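Input: a single structure, listed below in structure tokens.
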Amino acid sequence: MKTLVLGSTSPFRKSLLEKLNVPFECAKPDIDETPLDGESSIALVERLAIEKAKAVANEFPNAFIIGSDQVALHQNDILGKPHTRENAINQLTRFSGDKVVFHTGLCVFDSEKSKSYSLVEPFEVYFRDLTKAEIEAYVDAEQPLKCAGSFKSEGLGITLFEKLVGDDPNSLIGLPLIKLHALLKEAGLDVLQYQPK
């Protein structure tokens, strides 16, 4: 079997990929993530996912390399990580009673054949009407300062939502496993055939 590589050092993506129960290595892609002039968010995340996978290909000449990138959009504004308590509170205040759309770019790069398999997976998060006290209590409890959108859906952030709409809740955490399985299978790796005996 070719080596499976996650082109990311994200602990969230690593823990998601572990769900597939296939051995893999992690490698840090070093790329410029600056958007191109006029580039849409969908084009951006797909391009970055491909670039992340290709960035570590020299280290792994016979591998399936996974690249992933994500943006969150609120009213067509790309959301970054808040970094401060004040910014997190401001982001969540804006989202109250509204929706945020996540686009996750995903790529499987076969480094031996130099072939990419890629897609963009959308996911919508609908926020309930939130009070200032609820927002502050949430930010203080979970400290989501390094999360785009200022929440952790896999944790207490779930209390902020009215509903989630999408094919795969793993998308929100940064690695849509349903689509990843499909891309790996298309590239030639059937996860179920490589389970430990």
Specify the residue with the greatest mean-square fluctuation among 80, 155, 67, computed from a Gaussian network of the chain linking alpha-carbon atoms under 10 Å apart.
155
Ranked by GNM mean-square fluctuation in the chain (Cα springs under 10 Å), the top entry among 62, 170, 76 is 76
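Rounded to the nearest 500, what is the chain's calculated 222 nm mean residue ellipticity when only DSSP H runs of at least 4 contribute -39500 (n - 2.57) each, over all residues? Intermediate results must be reported in sequence, preceding the final value.
Numbers: 6 runs with 60 residues, N = 197.
Roughly -9000 deg cm²/dmol at 222 nm, from the helical runs in the chain.
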Set of lysines with alpha-carbon distance to residue 146 below 28 Å, sequence-local pairs under 8 removed:
14, 19, 28, 52, 54, 81, 99, 132, 163, 179
Would you work out if the chain is rounded, prolate or oblate? Take a ≥ b ≥ c from the square roots of the eigenvalues of the alpha-carbon gyration tensor; rounded if a/c is under 1.5, else prolate when a/b is larger than b/c, oblate otherwise.
prolate
Heads up, segment 21-95 by the C-alpha gyration tensor (a ≥ b ≥ c square roots of eigenvalues; a/c under 1.5 rounded, else a/b over b/c prolate, else oblate) looks prolate
Please state the shape class of segment 57-142: rounded when a/c is under 1.5, otherwise prolate if a/b exceeds b/c and oblate if not, all from the C-alpha gyration tensor.
prolate
In a Gaussian network model over the chain where Cα atoms closer than 10 Å are linked, find which of 171, 116, 15 has the largest mean-square fluctuation.
15
With all protein chains modelled, accessible area of residue 14 [1.4 Å, Å²]
90 Å²
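The values are calculated or read from the model by the stated rules, or taken from the named source; none is laboratory data. On a predicted model such as this, the values are computed, not experimentally measured, just so you know. Quick note on the areas: whole protein, heavy atoms, side chains included, nothing else; ligands and nucleic acids left out. Shrake-Rupley method; radii C 1.70, N 1.55, O 1.52, S 1.80 Å.
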